[in-house]
Amino acid sequence: MKFSIHQKDLQRLLTVAGDGVPKKTTLPILSNYLIEARPAGVRIAATDLEISISTSAETAVETPGQVAVNAKRLQEVVRELAKDEVHVQVDAGKFKMKCARSAFELYPMPVDDFPTLAQERATFSARLPAKTFQALVDLTCYAVSTDETRPALGGVLIQITDKEIRFIATDGHRMSKAHASGKFPVEKGEPREAIIPPKALIPVAAWATESDHEVEMELSSAAATFKVGATTLTSRLLQGPFPPYESVIPKDNKKQLIVGREALLSSIRRVAKLSDSVSHQIRFSVRKDRLHLSVSTADIGAAKDDLEAAYGEDDLEIGYNAVYLQDILKSLDSDKVLFTLNSPVSAGVVTAVESKRDATALCLIMPLRLQD
Amino acid sequence: MIMLVDIDAFFAQVEQLRYPPLRGRPVIVGAGVIATSSYEARRRGLKTGMRLSEAKRICPEAVILEGCARTYRCFAESIFALCREVAPSVESYLDEAYLDLAGTERFHGHPLAAGARLKEQIRRVTGLTVSIGIGPNRMLAKMACKKRRPDGLNTLTQEEAPDYLFPRPVQDLPGVGHQTARKLLDLNIRTIGELRAVPVDALERLLGSPGRALHDRSLGLDSRVVTEREVPRTISRETSFHQPATDPDEIEGMLRYLSERAGRTLRELGVAARTVGASFHATDDGGDSRVRTLRSPTDRDSEIFETARELLRAMHTRRVALHRVGVSVTNIAPHVAEQGLLFDEGPLRESSLLKGMDAVRLQYGHSALVSGQALHLLGKLEQDEHGFVLRTPSLTK
């Protein structure tokens, strides 16, 4: 194997594929990049067995071939190289790299050990603009659960109908359902849903936004593949069932509260500094055209703040987890947000008022039960 | 000034008080292992924690009693109540209490006089003898208390501390257990004076963060304050079986029952625990304990039970009968607001059920309600208004 590539291009490829290298692993081969030189260019791949990333660039290849080298070391070395042409070759079982006046040798691992994720025929494909994909990811990934005992909640449920695409994430305490319209030709009722971990979605959104390329999405029965330009990410699907999210969206919430998003966010940030570190409890006291925020924590202290709001219903006292509220408010982009509430023990709905985004979201948050 | 009031051979002394024929005889209280033994028994070489079978071999004439935790609790409470009349801040344990005498000098006069009066009053009210140690901090109070027992009253001042401490074996220093003592002995550190000579950095490297505290204590320094603990650090409920148990239904039924007792105590205190533990002791002398920290604090019986059961199942893998099982909850913090759930209302429903059950039990006794899993225990264990009578080797509950 022998090829040359500019340092800048090589570093970019390594960074992109680097998202697929597991931080910790018991399989040594997974700490490696698979580098493949083909007549048309170079491809670099990495996998943690759940997702696999492969990205390529056109470059001058003298001799095709494959090699598996330690990802961390290679990435660190390439980052420090001169901004010049890098000459790579595998010779006498060693991975050799020359750039300007520096030369490196790395000892590779057997290429055959590198796992390949089984490819299945895609049953469905769709294309999404970068901005839409990014918006859907931003609006949902924060709500994904980290509870390992409920694996299905550890991913975003993606559902596609002929007119819209939905991303839904929940950890059982809050939920976000985002959707964007588009045309997605339906082929005879194929299953159009999949649960995909955020570690697959977040990098894809970042690559798409950076390059302003469309995201091409393909679903098969066991995997989802996302293509952005010359980069492909394949993710195993998480096994369901996903909870019946439609049934928990409240229909009889009548009390509407409209607040400035930035003002509410900074107010929550302020008072939550004194909230307890387990529940992050913060109290909303909703009054006519005012929203009072307060925190009172044993052994720590108390805080109060108040905001102008639009509200015309009965007074309401609700407790929330401040972190959950901040996540929601940060994910939205509008000047104002609308809370649609019912009672101190039922789910509240938060939506953006006049979003400029390419996707809109409905956020649900369950209150904390206040103890009086 | 800090005063330590320690009840002499607590459980055994209570038994000797209640049954005069036992006076002057070696008395052991405990189930499975020795919880406390009288001074007569101690002189024959019996030690707390020793297995009863071994104790019988060493001292066949000893009287072995299972004990009655509630009776002891009553005695302890009345002694601690007397202590609270002496000092504004009292930190009580099972059989001892630390009293912070700061600010009471003009009221009590010399601490020794106050100590003598307190001893006399405790003897008059309860009939029990206590040993009292007085010192400038908790540790020296403890060392002073150990000077002479039973029925002692001693002081140890900061000035006397080096002369008194240095020649004593390291094991006498509070905070030096078996493990630490072994590590120190391996380094030929036998006395507190020798420990004192070790640089604090070296001690810290050897023992971790407790090293620094031990260094301070070797100099007679101790900065721990006396605090009235409203919330216990650990709540543990354990029992031995009348007959070694092999039936999983009986073992898990007991675990369920112990979890309920622990859960109820948590709810009564208005606190929740983040860590749940399970322990067992088998007939072949094998035993183990494990803990697991939960994602969020709990006071629900089922969560405590399910965690404890999982831990026990992971530990108890050999086909041996069990002597004893236990459930403990630690990492206790004030109860925080309960997070509502979108999909599964089970935990919240259980919380309201438990609230109802607690109310019923408060009025009609713990036995008024028995959970399905604990039904296996009916007929196997005695019951009183506090529920099944537990045979706890530590007799703490």
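The values are calculated or read from the model by the stated rules, or taken from the named source; none is laboratory data. Bear in mind that the values here come from a model prediction, so they are computed numbers and not experimental data. Note: ideal-geometry Cβ built from the backbone for every residue, glycine included; neighbour counts use all protein chains shown. Accessible surface areas use protein heavy atoms only, side chains included; no ligands, DNA or RNA. Shrake-Rupley method; radii C 1.70, N 1.55, O 1.52, S 1.80 Å.
Descriptive notes on the structure:
- Flag if A:D333 is open to solvent by 60 Å² or more (accessible area, probe 1.4 Å) and within 25 Å of the chain's Cα centre (by Cα): no
- Subset of segment B:300-339 [within 23 Å of A:E148 (Cβ to Cβ) and under 21 Å from the mean Cα position of the chain (by Cα)]: B:I304, B:A308, B:V329, B:T330, B:N331
- Matching residues in segment A:274-305 - criterion: being outside any loop (DSSP other than H, G, I, E, B), within 19 Å of A:V337 (Cα to Cα) and touching a residue at least 24 places away in the same chain (Cβ under 8 Å): A:I282, A:R283, A:F284, A:S285, A:V286, A:R287, A:L291, A:L293, A:D305
- Any hit, segment A:127-143, residues being open to solvent by less than 90 Å² (accessible area, probe 1.4 Å), within 14 Å of chain B (Cβ to nearest Cβ), among the aliphatic types (A, V, I, L, M) and in contact with an Asp or Glu (Cβ under 8 Å, 6 or more places away or on another chain): yes
- Residue satisfying all of: in segment A:274-293; away from chain B (no Cβ under 13 Å) and in contact with a Ser or Thr (Cβ under 8 Å, 6 or more places away or on another chain); surrounded by the most Cβ atoms within 10 Å (Cβ to Cβ) among these: A:L291
- Candidates in segment A:230-273 are the residues that are within 14 Å of chain B (Cβ to nearest Cβ) and without any contact (Cβ under 8 Å) to a residue 60 or more places away in the chain; of these, the one that is least open to solvent (accessible area, probe 1.4 Å) is A:A272.
- Residues in segment B:170-195 that are under 19 Å from B:A141 (Cα atoms) and either open to solvent by 40 Å² or more (accessible area, probe 1.4 Å) or in a helix (DSSP H, G or I) (or both): B:V170, B:Q171, B:D172, B:G175, B:I192, B:G193.
- When we screen B:L214, B:L221 for residues that are within 30 Å of B:P111 (Cα to Cα), at pLDDT 85 or above and under 24 Å from the mean Cα position of the chain (by Cα), the only hit is B:L214.
- Within segment A:140-152, being over 17 Å from A:V323 (Cβ atoms) and either part of a helix (DSSP H, G or I) or in contact with a Ser or Thr (Cβ under 8 Å, 6 or more places away or on another chain) (or both) holds for A:P151, A:A152.
- In segment B:46-71, the residues that are in contact (Cβ under 8 Å) with a residue 24 or more places away in the chain and in a loop (DSSP other than H, G, I, E, B): B:C59, B:E61, B:A62, B:E66, B:G67
- In this structure, B:S240 qualifies as open to solvent by less than 60 Å² (accessible area, probe 1.4 Å), polar (S, T, N, Q) and in contact with a Lys or Arg (Cβ under 7 Å, 6 or more places away or on another chain).
- With respect to being among the aromatic types (F, W, Y), in contact (Cβ under 8 Å) with a residue 24 or more places away in the chain and outside any loop (DSSP other than H, G, I, E, B), A:F184 falls outside the description.
- A:D333 vs. criteria within 15 Å of A:A263 (Cα to Cα), in a loop (DSSP other than H, G, I, E, B) and more than 10 Å from chain B (Cβ to nearest Cβ): yes
- Among the residues making up segment A:79-116, those that are farther than 30 Å from A:R236 by Cα, open to solvent by less than 60 Å² (accessible area, probe 1.4 Å) and hydrophobic (A, V, I, L, M, F, W, C) are A:L81, A:A82, A:V86, A:V88, A:V90, A:F95, A:M97, A:C99, A:L106.
Here's the yes/no breakdown for (1) modelled with pLDDT of 90 or more; (2) surrounded by fewer than 18 Cβ atoms within 10 Å (Cβ to Cβ); (3) not assigned by TED's automatic domain parsing to the domain that holds B:R42; (4) not aromatic (F, W, Y):
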{"residue": "B:Q121", "(1), (2), (3), (4)": "yes, yes, no, yes"}
{"residue": "B:I132", "(1), (2), (3), (4)": "yes, no, no, yes"}
{"residue": "B:G135", "(1), (2), (3), (4)": "yes, no, no, yes"}
{"residue": "B:D151", "(1), (2), (3), (4)": "no, yes, yes, yes"}
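- If you go through segment B:10-45 and keep only what is within 24 Å of the chain's Cα centre (by Cα), at pLDDT below 90 and part of a loop (DSSP other than H, G, I, E, B), you end up with B:G30, B:A31, B:G32, B:I34, B:A35, B:G45.
- Of all residues making up segment B:334-388, the number that are among the aromatic types (F, W, Y), surrounded by 12 or more Cβ atoms within 10 Å (Cβ to Cβ) and at pLDDT 75 or above: 1
- Failed item in (1) closer than 24 Å to A:S355 by Cα; (2) touching a Leu at 6+ places or on another chain (Cβ under 8 Å), with A:F184 passing the rest: (2)
- Filtered residue count, segment B:16-43, keeping only those that are free of Cβ contacts under 8 Å to residues at least 60 places away in the same chain and more than 16 Å from B:P150 (Cα to Cα): 7
- Close Cβ contacts (under 6 Å, 6 or more residues apart or on different chains) running from residues in segment B:364-375 that are over 11 Å from B:G387 (Cα atoms) to residues that are surrounded by 14 or more Cβ atoms within 10 Å (Cβ to Cβ) and polar (S, T, N, Q) are absent.
- Whichever residue in segment A:161-183 is open to solvent by less than 10 Å² (accessible area, probe 1.4 Å) and away from chain B (no Cβ under 14 Å) and, among such residues, is farthest from A:V228 (Cα to Cα): A:A178
- Counted residues, segment A:187-221 - those being at pLDDT below 90, assigned to a loop (DSSP other than H, G, I, E, B) and closer than 30 Å to A:R12 by Cβ: 1
- Summed over segment A:336-372, the residues that are open to solvent by 10 Å² or more (accessible area, probe 1.4 Å), away from chain B (no Cβ under 14 Å) and of a type outside the set (S, T, Y) give a count of 9.
Listed here are the residues, each with its yes/no results for (1) out of contact with any strand residue (DSSP E or B) (no Cβ under 8 Å at 6 or more places or on another chain); (2) of a type in the set (G, A, S); (3) surrounded by fewer than 21 Cβ atoms within 10 Å (Cβ to Cβ).
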position	(1), (2), (3)
B:A9	no, yes, no
B:G32	no, yes, yes
B:E40	no, no, no
B:M50	no, no, yes
B:L65	no, no, yes
B:C68	yes, no, yes
B:E85	yes, no, yes
B:A97	no, yes, no
B:D100	no, no, yes
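- The single condition among (1) in a loop (DSSP other than H, G, I, E, B); (2) at pLDDT below 75 that B:V320 does not satisfy is (2).
- Test: residue in segment A:26-40 that is among the hydroxyl-bearing types (S, T, Y) and closer than 23 Å to A:W207 by Cβ: yes
- Search result, residues across segment A:294-327 that are more than 14 Å from chain B (Cβ to nearest Cβ) and of a type in the set (A, V, I, L, M): A:A302, A:A303, A:L307, A:A309, A:A310, A:L316
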